[in-house]
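The values are calculated or read from the model by the stated rules, or taken from the named source; none is laboratory data. Just so you know, these numbers come straight off a predicted model, no measurement behind them. Virtual Cβ from ideal backbone geometry, glycine too; neighbours counted across all protein chains shown. Remember, those area values only see protein heavy atoms, side chains included, never the ligands or the DNA or RNA. Shrake-Rupley method; radii C 1.70, N 1.55, O 1.52, S 1.80 Å.
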Amino acid sequence: MLNSDGTRSFQYSSPDGLYPSDASLKADGRIIVSESAVGSASGRVINIDSFGQVLTEFSNGSFGLVNDARESGSGLTLIST
């Protein structure tokens, strides 16, 4: 994540077997990250704070490729696979 002056605020690295396929800033300042699976791993969608800490995770082994995830106006998370 970059600050307004272009300096890096923090960097998030996906764990082995996953790669970030999309990220978007939520209204509350958290970031929703879509991570797709490589090999036998399962993809997931996570919410992280401005320090890169994972706050919530949606996975349960149901995702391989995760194209996009967005928060709806009512607070639900919409996931495109």
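So how exposed is THR7, as accessible area in Å² (1.4 Å probe, rounded to 10)?
That residue has around 70 Å² of solvent-accessible surface.
Compare ARG70, ARG44, ARG30 by solvent-accessible area with a 1.4 Å probe and give them largest first, with all protein chains kept in place.
Descending order: ARG70, ARG30, ARG44.
What chymotrypsin sites (Phe, Trp or Tyr not before Pro) does the chain have in DSSP loop regions with at most 14 other beta carbons within 10 Å?
Within the chain, the qualifying chymotrypsin sites (Phe, Trp or Tyr not before Pro) (loop, at most 14 other Cβ atoms within 10 Å) are PHE10, PHE51.
If you roll a 1.4 Å probe over the chain with all protein chains in place, what percent of the accessible area is carbon or sulfur?
49 percent
Which order do ASP68, ASP28, ASP16, ASP5 take by accessible area at a 1.4 Å probe, largest first?
Ranking ASP68, ASP28, ASP16, ASP5 by accessible area, largest first, yields ASP16, ASP5, ASP28, ASP68.
Students often get this wrong: which residues of region 6-32 have the backbone nitrogen under 14 Å from the point 7 angstrom along Cα-to-C-beta of THR77?
Only 21-27, 30-32 pass the distance filter.
Using only the alpha carbons of the chain, what is the convex hull's orientation-averaged projected area in square nanometres?
About 5.5 nm², averaged over all directions.
Want the number for LEU65 to ALA27: 0.36 nm per residue separation, take away the alpha-carbon distance, what's left?
Taking LEU65 through ALA27 to full extension adds about 11.2 nm, to one decimal.
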